Amino acid sequence: MKTGNAFLKKVSLLVLVMLFAAVTFAGCAPPEEPPAEEPPEEETNEIHNDEEAVEESQVLRLYFSDDQAEHLVTEEREIKAGERGLMVSALEALIKGPEDPDLVRTIPESTEVLGVEMSEGVAEVNFSEEIRSDHWGGSAGERMTVMSVTHTLVGGFEEVEQVKFLIEGEEIETLVGHMDLRRPVTPEL
């Protein structure tokens, strides 16, 4: 029995020495080369998402004036989001005017949409100065402009409850002197 115990002790000691050596020298291997850098996953997704945004389209109701500037009349259009988003594209389509010859544009053709920002249900729409300087005027004309923008955005985008008008990034009191635009506007029924 003593011989068997001595052999078992020697084998156990040998296993312990080998285990100690393996653990000690395991960290001494030369470092592996880092893998080739790949673009971060987010950047790849951003590019893909931007492409999807450009391709996104939706059928929206654009609101134009009747020929007497008394009523808003809808015209359905398929609007493509473009690089600046669906809301800006919808407003740009509104500026281009109606396809129906019986309807009348509500925004001067020279107007540019400088941007749209969302904040707590309010779409802050930033137009170029031409919305005011090239506007044909009159209380009915101003009302048609304001309401066509407001109805188009509130009716077409569920996140929009009101519209705030800005010109060249500045808040305005009125567009051409008839409507109070110091506060966000809701659609008239």
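Computed from the coordinates by the stated procedures, all read-outs in this text should not be read as laboratory data. The structure presented is a predicted model; accordingly, all values stated were derived computationally and were not measured. Positions of Cβ are backbone-derived with ideal geometry, glycine not excepted, and every protein chain shown enters the neighbour counts.
Some values worked out for this structure:
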| quantity | calculated |
| --- | --- |
| Amide H partners (placed H, <5 Å) of I79, local residues excluded | Q58, V59, L60 |
| Packing-based order for 103-115, 159-171, using average beta carbon neighbours within 10 Å, highest first | 103-115, 159-171 |
| Estimated distance in nm for a label pair at E170 and E158, the labels positioned 7 Å out from Cα along Cα-to-Cβ | 3.9 nm |
| Rough spin-label spacing in nm, given labels placed 7 Å along Cα→Cβ, for E83 and D102 | 3.9 nm |
| Theoretical gain in end-to-end length, H178 to S119 [0.36 nm per residue, Cα-Cα removed] | 18.6 nm |
| Electrostatic dipole magnitude of segment 43-171 [Cβ: Lys, Arg +1; Asp, Glu -1; Cα centre; debye, to 20] | 480 debye |
| Protection-proxy order for peptides 60-68, 143-151, each taking the mean of Cβ atoms within 10 Å per residue, highest first | 143-151, 60-68 |
| Cut-off 14 Å (backbone N to label point 7 Å along Cα→Cβ of R61), residues of segment 131-155 | 148-155 |
